[in-house]
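Written below as structure tokens is the structure these notes are about.
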Amino acid sequence: MTTVSAVDRWHPSPYAISKAARIIQSGGLVAFPTETVYGLGADALNAEAVKKIYIAKGRPSDNPLIVHVNSILLFKAIVQVNDTALALAKKFWPGPLTLVLPADDIIPSVTRGGLRTAAIRMPDNPVALELIACAGTPIAAPSANLSGRPSPTDADTVLHDMNGRIDMILDGGSTELGIESTVIDVSDPSRILLLRPGGLAAELIEKVTGIKLEIPDELSKKKSPGTHYRHYAPKVPVKIWRKGEPFPSGSGEVAFMGIDDPKGSVLSEPIKYVRKIIFTSTANYAHGLFAGFRKFENENISSIVVQWPDDITGLGAGLRDRILRAAGIER
Ligand code: TXA
Ligand code: MG
């Protein structure tokens, strides 16, 4: 059975945290909140524990996990940190930035999906940071959803996907950002690769490094196996609507999410859109996207239409990426 413990995000109860930490130390699985989405955690240095994450999620074993740390000291102890990576960590951590660097042998191969590098981040959430501190080990944690499904932004969604598959869920309320961290490969500081746009805008990273992030070509894409799989997919088809264009065709009852109400746009055929969420900003849209997918798929509709975000600054690039992959389109 999976235990759920409510914790105050700002003042997490030491009792719940120490119970969760003991589970991590003894090789079990605990889901916990971060500022992006909920993570499904295990001791990153315990290969047997990490294997359980792949099983619980149904995740392909070549898709590496992010290792969560609570200090720069721990960061330096598990990967080979260069000056650029250190400057980025000091500027943006705790926060939604994941740094891929050459791994030390202490990180088991299973945590790295067999790669020589490892992905590290320091989450900006007191529950997550306390858990890592109390467990006394870095925590490997992918998003706490079944593989391929939209990432969970609250504990109920984690329970829905993971009930009976994991030991404990720390319920610290809804996550702030709603989409996952930005992942960059900074192994070679003269060529920084943007492996996954996300919670930290590329332009903010570029300001610190002084160089443009490179979008990986097909070859280097292989370095981030996770980007090949269909992701974030609700149970009903996702279609994309661009403002000013005809509403995508499809029969039946449709749900809509976006910033502009499509009412009045040229409709390609009579449609009935029965549910809608209109967001107030790109950040608000990113915050609600996955939760919206989860809500609508249970409401007996035939498809979910999402607006293509015009703005690619801030969270816009990450939002576009999640939309493309939910719709089954490779970026
Ligand atoms: O915000 C987040 O990043 C959340 C929270 C829980 O921290 N975690 C998360 O983990 O989104 P996950 O496993 O769903 O996504 C990790 C991504 C995958 O695309 C994976 O392929 C990539 O990071 N990744 C991990 N290690 C890597 C490595 N060594 N080289 C390249 N890509 C890596
Ligand atoms: Mg994920």
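The values are calculated or read from the model by the stated rules, or taken from the named source; none is laboratory data. Computed from a predicted structure; not experimentally measured. As a convention, Cβ positions derive from the backbone with ideal geometry for all residues, glycine included, and neighbour counts pool all protein chains shown.
Test LEU73 against the stated conditions and say whether it is without any contact (Cβ under 8 Å) to a residue 12 or more places away in the chain and either more than 19 Å from the chain's Cα centre (by Cα) or not in a helix (DSSP H, G or I) (or both). Working first, answer last.
Numbers: without any contact (Cβ under 8 Å) to a residue 12 or more places away in the chain: yes; either more than 19 Å from the chain's Cα centre (by Cα) or not in a helix (DSSP H, G or I) (or both): yes.
Answer is yes for this residue.
All but one of (1) more than 10 Å from ligand 1 (Cβ to nearest atom); (2) in contact (Cβ under 8 Å) with a residue 12 or more places away in the chain; (3) surrounded by fewer than 22 Cβ atoms within 10 Å (Cβ to Cβ) hold for THR117; state the number of the condition that does not hold.
It fails just one condition, (1).
From the list SER13, SER18, SER26, SER5, which residue is among the polar types (S, T, N, Q) and in contact with a strand residue (DSSP E or B) (Cβ under 7 Å, 6 or more places away or on another chain)? Give the steps one after another, and end with the answer.
On the way: SER13 fails: in contact with a strand residue (DSSP E or B) (Cβ under 7 Å, 6 or more places away or on another chain); SER18 fails: in contact with a strand residue (DSSP E or B) (Cβ under 7 Å, 6 or more places away or on another chain); SER26 fails: in contact with a strand residue (DSSP E or B) (Cβ under 7 Å, 6 or more places away or on another chain).
SER5 is the lone residue from the list that is among the polar types (S, T, N, Q) and in contact with a strand residue (DSSP E or B) (Cβ under 7 Å, 6 or more places away or on another chain).
Quick test for you: out of SER224, SER181, pick the one residue that is in contact with a strand residue (DSSP E or B) (Cβ under 8 Å, 6 or more places away or on another chain), buried (at least 19 other Cβ atoms within 10 Å of the Cβ) and modelled with pLDDT under 95. Working first, answer last.
On the way: SER181 fails: modelled with pLDDT under 95.
From the options SER224, SER181, the qualifying one is SER224.
Rundown of residues vs (1) surrounded by 23 or more Cβ atoms within 10 Å (Cβ to Cβ); (2) within 16 Å of ligand 2 (Cβ to nearest atom), yes/no style:
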| site | (1), (2) |
| --- | --- |
| ALA133 | no, no |
| THR137 | no, no |
| SER143 | yes, yes |
| LEU146 | no, yes |
| ASN163 | no, no |
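Kindly state which strands (runs of 3 or more DSSP E) lie completely within the stretch 1-49 and contain at least 1 residues that are surrounded by fewer than 21 Cβ atoms within 10 Å (Cβ to Cβ) and not hydrophobic (A, V, I, L, M, F, W, C).
Details: elements: 3-6, 30-32, 39-43.
Those strands (runs of 3 or more DSSP E) span 3-6.
Can you name the condition, by its number, that ASN63 falls short on among (1) surrounded by 14 or more Cβ atoms within 10 Å (Cβ to Cβ); (2) modelled with pLDDT of 95 or more; (3) within 21 Å of the chain's Cα centre (by Cα)?
Failed condition: (2).
Look through ALA255, ALA233 and report the one residue that is aliphatic (A, V, I, L, M), at pLDDT below 95, touching a helix residue (DSSP H, G or I) at 6+ places or on another chain (Cβ under 9 Å) and surrounded by 21 or more Cβ atoms within 10 Å (Cβ to Cβ).
Working: ALA233 fails: surrounded by 21 or more Cβ atoms within 10 Å (Cβ to Cβ).
Just one listed residue meets the conditions, ALA255.
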